[in-house]
Amino acid sequence: MKPQYIPEYNDDNRQSLPEKLLFPVRAVNKGKLEKAVIGKCILITGASYGIGFMLSTILSHYKVSLVLVARTADRLKQLEENSKDRPCKLYTFITDLRDEKQIDSLLQNLSDLELKIDIFISNAGKSIYRELFASVNRFHDTQRCAATNYTGPVQLLLGILPRIKEQKGQIINISALNVLLPPAAGWSAYQSSKAAFDQWLRCAEPELRNKNIYVSSIYLPLVRTRMSMINEKKHHQPAMSKSKAVNVILRCIINKKRKYRPWWSGIPVFFDTLFPNLWYRIQLRNLSKRK
Ligand SMILES: NC(=O)c1ccc[n+]([C@@H]2O[C@H](COP(=O)([O-])OP(=O)(O)OC[C@H]3O[C@@H](n4cnc5c(N)ncnc54)[C@H](OP(=O)(O)O)[C@@H]3O)[C@@H](O)[C@H]2O)c1
């Protein structure tokens, strides 16, 4: 299973006025961040592109051990090159989270290196938008999303859990706001897999907290990365910048907040509770217009 090489999406992290109002994110206090991460070992999946790449780059300026996981060797190499003169220690692993054997071998490597994991950031993700009747011969879409967004992260997390427990560490899940919102047509494969891992982790959270492990679930709105911008319809929609998404994660490392979601996310949920069929009918009307 070879990765699809979609190039990195670069923008200047611009935010229009509506985007500033919709996605206000406070800057990160560098002193507090340093205190929170210094000497720690941080495992980040999906470090090769987008949010994970920027997050890894920022953390590489601190005295930390970074365990970076992704499939694209060149991009991991680039991170290694960029970090040469920085105080971090980097361990990169080319691993496909859809492949049980590759995860087993990653776990073996981590164990051989005797790495203690203080913070696990489950960031790797695969998104797909495809209408149902265009998916009839594409069961693999659902399998790939499920393995990347749900079963792979569960396998990895179960394997490193004893180390996280030993360190009284933190687990941060980079989830999607859509899993909290009423479901949307065309997103079955992606949303169900993101929702599955979110639910899995929320079920586990009391047990984890009982063992002094912090859990943070970050429900990101649309963020301008190659994942979302591959869909041209999204280009003109309000979106959070990559750097703001990274700041949300860094702030969660500092303050161990249990949840992040945009301030307005309760509004659609409120309307859906008041008018449970409204969103469904809007979608039906839109689909019938397209017939
Ligand atoms: N962008 C958005 O609008 C948005 C919104 C809500 C939530 N999110 C979430 O944010 C997270 C980061 O996404 P992004 O926007 O930064 O997307 P991105 O730029 O496409 O990055 C995705 C990362 O996941 C890695 N990945 C994908 N499949 C993998 C696999 N099978 N095994 C190992 N690594 C894999 C990719 O690396 P390789 O290809 O090198 O393996 C890449 O580093 C995802 O969990 C996504 O669901 C994004």
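Just to confirm the number: angle between the C-alpha axis of helix 73-82 and the first principal axis of the chain, 0 to 90 degrees, nearest 10?
60 degrees
In whole Å, what are the Cα extents of the chain along the three principal axes, biggest one first?
57, 42, 40
Averaged per residue, what accessible area in Å² does the chain show with a 1.4 Å probe, protein chains only?
Spelled out: the 1.4 Å probe surface of the chain, per residue, equals 54 Å².
Based on the alpha-carbon gyration tensor of region 134-196 and its eigenvalue square roots a ≥ b ≥ c, which shape applies: rounded if a/c is under 1.5, prolate if not and a/b is larger than b/c, or oblate?
oblate
Please list, ordered by chain and number, the residues whose modelled amide H lies under 5 Å from the amide H of residue 124; skip anything fewer than 5 residues away on the same chain.
Amide H to amide H, under 5 Å and 5 or more residues apart or across chains, residue 124 pairs with 45, 46.
Once amide H atoms are built 1.01 Å from N in the peptide plane, which residues 5 or more positions from residue 220, or in another chain, come under 5 Å H to H?
Answer set, sorted by chain and number: 175, 176, 177.
Say the cut-off is 21 Å between C-alpha atoms; which of 63/244; 116/211; 126/257 go over it? Can you show the working numbers first?
Details: 63/244 23 Å; 116/211 16 Å; 126/257 25 Å.
Beyond 21 Å: 63/244; 126/257.
Run through region 218-285 and list the chymotrypsin sites (Phe, Trp or Tyr not before Pro) located in a DSSP loop whose Cβ has at most 13 other Cβ atoms within 10 Å.
Here the sparse-neighbourhood loop sites are 263, 264.
How far apart, in nm, are the 7 Å Cα→Cβ label points at residue 107 and residue 290?
The two pseudo-label positions are separated by 4.0 nm.
Under the definition of Cα pairs under 8 Å and six or more residues apart, what whole-number percent is the relative contact order of the chain?
Computed value for the chain: 21 percent relative contact order.
Which of the trypsin sites (Lys or Arg not before Pro) found in region 157-262 are in a DSSP loop and have at most 15 neighbouring Cβ atoms, other than their own, within 10 Å?
168, 211, 256, 257, 258
For residue 242, which aspartates and glutamates qualify as cross-link partners when the Cα separation must be under 13 Å and same-chain residues fewer than eight apart are set aside?
8, 11, 12, 19
Measure off, as a whole percent, the carbon and sulfur share of the 1.4 Å-probe accessible area of region 27-260, all protein chains present. Present the calculation step by step, with values, prior to reporting the outcome.
On the way: 5400 of 10850 Å².
C and S atoms contribute 50 percent here.
Could you give me the radius of gyration and the Dmax of region 1-154, taking only the C-alpha atoms into account and expressing both in angstrom?
17.4, 52
Counting Lys and Arg as +1 and Asp and Glu as -1, each charge on the Cβ, what is the dipole of the chain about the Cα centre in debye, to the nearest 20?
Magnitude of the dipole: close to 840 debye.
Ignoring everything except DSSP H segments at least 4 long, calculate the 222 nm mean residue ellipticity for the chain; use -39,500 (n - 2.57) per segment, divide by total residues, nearest 500.
Here the helix-only value at 222 nm equals -14000 deg cm²/dmol.
The values are calculated or read from the model by the stated rules, or taken from the named source; none is laboratory data. No experiment lies behind these values; they were computed from the predicted model shown. A quick note on method: Cβ atoms are made from the backbone with ideal geometry, for glycine too, and the neighbour counts reach across all protein chains shown. Note: areas computed on protein heavy atoms with side chains; ligands, DNA, RNA excluded. Shrake-Rupley method; radii C 1.70, N 1.55, O 1.52, S 1.80 Å.
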